[in-house]
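Working notes for the structure below.
The values are calculated or read from the model by the stated rules, or taken from the named source; none is laboratory data. Bear in mind the structure is a predicted one, so any value in this text is a computation, not a measurement. Reconstructed Cβ throughout: ideal geometry from the backbone, glycine too, with neighbour counts over all protein chains shown.
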Amino acid sequence: MCPSPEFVCIVRSTTTPDGHGHTRQANTIHIPEIKGGSERERTSKMPTYRQNDPSKALITRRPLEFRKPAGQVGGAAIRTPAGRAELGFTLDTSESMGHLLEAAANGFNKFLEEQRAAGPGSLSFNCFSSEVYPIHAGVELGAVPYVNRAFLADKCGATALLDGIGAVIKAVAVRFDKLPAPRKGALIAILTDGMENASKEFSKEAIFQLIHYRRTVHHWEFLFICADEAGERYGLSLGIQKANICRFDTSPEGIKLLLDRLSKATAAFRLGDRNFAGYLTDRTK
């Protein structure tokens, strides 16, 4: 392939014996000398071979241009303000989470404070046990009240995980689908220490389809936070990518650390960091 109509490339094929009764074929490309113009012009027009290009095309070398990196003023990097966030959070408050609820409440309140400081946004939040308890649906971050252990402990029971996920997706979608284009994706966080055993409204297949649709069509992101390997496999079976699934230590200190990392991951998502999920497991280093 020639780089432009200015060049006529001639491909010559030659065959030579290799001394073992076989022959080798070699192709050479002859490019006529470029005449006229200054040395700089002749150099800039000379074609070069891009080795990593699957098309193996000849390209014309152009002079390098140095520009100031985006988000940099006077040689110093500046922080880009976080965009408006559409967030969803569904929290397991089943009986097995009972000893973690105080730490979970404190961690949620800190998460809320940090997201308020990061910029405007709205939050849809529910808890699930034997049933789903809708707490907030598309409420402005500044208007979301804090929670405490007593508030969460009043909602203990079994584990309607699928219903919790389905409900928070629907709550975020009601607001998201009315936003003017172009719409930035939403982030849904799912935190559970157990397995599905009580859902009535949503099947596993229905949740898979909802997650797949929102991920592929509207560029939503889902974080699945669980307690063990079985939970990781379950998250994968729902259509959540492996990089967005992590485990947490089922202790008050463990859930406190996890929610702190979740806040950092959410802030990174709002800034457009593609590796935002790495903040959950320190994969950002």
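Annotations for the structure displayed:
- Only residues that are under 16 Å from Ile225 (Cβ atoms) and either assigned to a helix (DSSP H, G or I) or aliphatic (A, V, I, L, M) (or both) were counted across segment 88-104, and they come to 7.
- Residues that are aliphatic (A, V, I, L, M), in contact with a Ser or Thr (Cβ under 9 Å, 6 or more places away or on another chain) and outside any helix (DSSP H, G or I) were ranked within segment 145-180; the one that is modelled with the lowest pLDDT is Ala158.
- Scanning segment 249-273 for residues being free of Cβ contacts under 8 Å to residues at least 40 places away in the same chain, out of contact with any helix residue (DSSP H, G or I) (no Cβ under 8 Å at 6 or more places or on another chain) and under 20 Å from Pro120 (Cα atoms) gives a total of 1.
- Candidates are the residues of segment 182-203 that are part of a loop (DSSP other than H, G, I, E, B) and under 16 Å from the mean Cα position of the chain (by Cα); the one that is surrounded by the most Cβ atoms within 10 Å (Cβ to Cβ) is Ala186.
- Pick from segment 123-135, criterion under 23 Å from Gly185 (Cβ atoms) and crowded, with 18+ Cβ neighbours inside 10 Å, ranking: farthest from the chain's Cα centre (by Cα): Ile135
- Evaluated against (1) touching a Gly at 6+ places or on another chain (Cβ under 9 Å); (2) under 18 Å from Ile225 (Cβ atoms); (3) crowded, with 21+ Cβ neighbours inside 10 Å, Gly166 falls short on exactly one condition, (1).
- Taken over segment 116-144, the residue count meeting the criterion of being among the charged types (D, E, K, R) and out of contact with any Ser or Thr (no Cβ under 8 Å at 6 or more places or on another chain) is 2.
- Check on Ile255, surrounded by 23 or more Cβ atoms within 10 Å (Cβ to Cβ) and under 16 Å from the mean Cα position of the chain (by Cα): no
- Residues in segment 155-188 that are basic (Lys, Arg) and within 13 Å of Ile207 (Cβ to Cβ): Lys170 alone.
- For the residues Leu191, Leu236, Leu161, the requirement of being under 28 Å from His99 (Cβ atoms), of a type in the set (A, V, I, L, M) and without any contact (Cβ under 8 Å) to a residue 12 or more places away in the chain singles out Leu236.
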